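**Student:** Shown below is the structure under consideration.
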Amino acid sequence: MPSQLRRLFPLAFVLPVLLLALASLGVPPARAQGTDLAPIVAKFANDSYGDTADALAALSATGSDQAGAIVAALGEGRLVFDPATKAVYIRAPSGAVTDAATGAAVASPPAGLTAVRANNRVRRAIEAASGALSLLNPDAGKRRAAAAAVFKSRDAAALETLDTAIAREQVPDVKAALEDARAAILINAPAASEADRLAAVKRIAARGDQESLGMLRAVPADAPAAVKAAATAGIAAVERNLAFWNAAQNVWYGLSLGSVLLLAAIGLAITFGVMGVINMAHGEMVMLGAYTTFVVQEIIRNSAPFLFDWSLTIALPLAFVFTGLVGILIERTVIRFLYGRPLETLLATWGVSLILQQAVRTVFGPTNQEVGAPSWMSGAFQVGQMSITYNRLWIIVFSLMVFFALLMILKRTSLGLYVRAVTQNRRMAAAMGIRTGRIDALTFGLGSGIAGIAGVALSQIDNVSPNLGQGYIIDSFMVVVFGGVGNLWGTLVGAFTLGVANKLLEPVAGAVLGKILLLVFIILFIQKRPRGLFALKGRAVES
């Protein structure tokens, strides 16, 4: 006997180590594969939504792998039963049939098998059971998704599994999701203690999102007074939090709109400032840039699909060159004969815009064209309760890059020096030997080229159609006049100011009335400051 005890003695140390190892791997004690599922599975053959929901709740409590297969089969419409014998089966996508309770293959399934029906209540129960069965999955991502599913369903049957999962969870964000799901169940659980319900209210309120607001408002009238008071305080805190994030979201939308206005107006700012030309065809330069992107993507789709993620990078220089050449052509053939006559330039460029629109309609048709987004511009991410899309984020970054690149050109190159000289005093610049006509053509081409690359960016957030530019031309002039004619920094400040103001006014006054209020503000503003926020300095300007 002593020798036998000596042989068994090491097991006293090995067995606990093995049990700890299994626990660390996420193997739940409840996953006893010997659980008899037959009594539970038999309820599915009753063809009753209530019995089906009850069976799902019971399955989620067993934690067995076969229970997971049954729930998945029901969700996919593959759980069937024999009306005659009330036996329940799982039909695989391949057509093979297995016994639902045991998972054993059925060689000769009976004819006339009927699918177990599901309604909205059953679908919610399926979601809850699926989540409960996944709470102890070794994959952290699946545990997180399961916690989110239980949080939405608030199925009390998952509470025991949640407690087990929380006790062994090591990943902080997954553990937080599990605790949120537990709080969602306890907040309205009459059997829970008052302390647990108060803690649940506090945790739900700390989330600060719309779902937590709905849960707090759903606290029943018969809840303890302390719980109801905590829920009321939590509702007020969540509403303040949501109001803050809604304002932040509107500011983000305003910055996004401001970046679009900056791209559309920045080329107009330098042409209007240098030549004093009211270019109503500037929006069509934006439209031509967008169609350049469409043509590039069509060629890539048909010839080199693997280059699609580079389509915008390829389209940018092509759009700049193409629209720049079109701008130079317009300046050399139309505008050069109309300097000093702003009304005639307005009418002439308006006519040019109609010609360009009709030309695009003839070539591409009047309908919207599909311009895809590269993978790196797709999707979104959350900052608090604010959603930020990658395409808008990249457009803001791109607009600032274009702004500073243009600023460097005007400040650090000979062309920029000549442009600034002509802007400040055309006659003196000509007397110093600067070929003002050539500078006019190059400046108009530069402004048109920038409008073209603005069209590349706008193709990612707006419909590419012959009327694309018409939606931005008036706003572009508003930005230029408000910021200061010919001043790039004024254009930057004006674009983002008007963009943010527009998005903050929309929820209060509506889109149309908000734009009218902005227009009235600008009219009143230029009465006080006719040269805008940042007036150019120079003898010609000041005279």
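The values are calculated or read from the model by the stated rules, or taken from the named source; none is laboratory data. Here the structure is a predicted model, which is why all the values come from computation and not from measurement. Positions of Cβ are generated from backbone atoms using ideal geometry, with glycine treated the same way; all protein chains shown enter the neighbour counts. All accessible areas refer to the heavy atoms of the entire protein, side chains included, with ligands and DNA or RNA removed. Shrake-Rupley method; radii C 1.70, N 1.55, O 1.52, S 1.80 Å.
**Student:** With the condition being charged (D, E, K, R) and under 30 Å from Ser212 (Cβ atoms), I'd like the helices (runs of 4 or more DSSP H) fully within the range 360-450 carrying at least 1 qualifying residues.
**Tutor:** Here the list reads 390-412.
**Student:** Restricting to the range 292-306, give me the number of residues that are surrounded by fewer than 24 Cβ atoms within 10 Å (Cβ to Cβ) and either among the aliphatic types (A, V, I, L, M) or within 26 Å of Phe496 (Cα to Cα) (or both).
**Tutor:** 5
**Student:** Collect the residues in the range 462-486 that are under 21 Å from Lys411 (Cα atoms) and either open to solvent by less than 30 Å² (accessible area, probe 1.4 Å) or of a type in the set (Phe, Trp, Tyr) (or both), keeping them in residue-number order.
**Tutor:** Val480, Gly483, Gly484, Gly486
**Student:** Please determine whether any residue of the range 186-193 is β-branched (Val, Ile, Thr), closer than 24 Å to Ala146 by Cβ and open to solvent by 20 Å² or more (accessible area, probe 1.4 Å).
**Tutor:** No, because not a single residue in the range 186-193 is β-branched (Val, Ile, Thr), closer than 24 Å to Ala146 by Cβ and open to solvent by 20 Å² or more (accessible area, probe 1.4 Å).
**Student:** I would also like to ask the following. Can you list the helices (runs of 4 or more DSSP H) found entirely within the range 223-334 that contain at least 3 residues being among the polar types (S, T, N, Q) and touching a Gly at 6+ places or on another chain (Cβ under 8 Å)?
**Tutor:** 225-275, 282-303
**Student:** Let me ask something else. Collect the residues in the range 199-209 that are at pLDDT 85 or above and either basic (Lys, Arg) or surrounded by fewer than 19 Cβ atoms within 10 Å (Cβ to Cβ) (or both), keeping them in residue-number order.
**Tutor:** Residues satisfying the conditions are Ala199, Lys202, Arg203, Ala206, Arg207.
**Student:** Quick one: count up the residues across the range 129-182 that are open to solvent by less than 20 Å² (accessible area, probe 1.4 Å), farther than 16 Å from Thr62 by Cα and outside any helix (DSSP H, G or I).
**Tutor:** 1
**Student:** Turning to a different aspect of this structure: Here are Leu325, Leu343, Leu338, Leu329: which of them is at pLDDT below 90, open to solvent by 80 Å² or more (accessible area, probe 1.4 Å) and among the aliphatic types (A, V, I, L, M)?
**Tutor:** Exactly one residue qualifies, and that residue is Leu343.
**Student:** Hey, another quick one. Output yes when any residue across the range 74-97 is within 26 Å of Ala165 (Cβ to Cβ), touching a Leu at 6+ places or on another chain (Cβ under 8 Å) and buried (at least 17 other Cβ atoms within 10 Å of the Cβ), and no when none is.
**Tutor:** Yes; the residues of the range 74-97 include at least one that is within 26 Å of Ala165 (Cβ to Cβ), touching a Leu at 6+ places or on another chain (Cβ under 8 Å) and buried (at least 17 other Cβ atoms within 10 Å of the Cβ).
**Student:** Under 6 Å between Cβ atoms, which residue pairs at least 6 apart in sequence (or on different chains) link something in the range 58-80 that is touching a residue at least 60 places away in the same chain (Cβ under 8 Å) with a partner that is part of a helix (DSSP H, G or I) and open to solvent by 40 Å² or more (accessible area, probe 1.4 Å)?
**Tutor:** Val71/Ser130
**Student:** From the list Arg420, Arg412, exactly one residue is of a type in the set (Lys, Arg), under 17 Å from Leu268 (Cα atoms) and without any contact (Cβ under 8 Å) to a residue 24 or more places away in the chain. Which is it?
**Tutor:** Arg420
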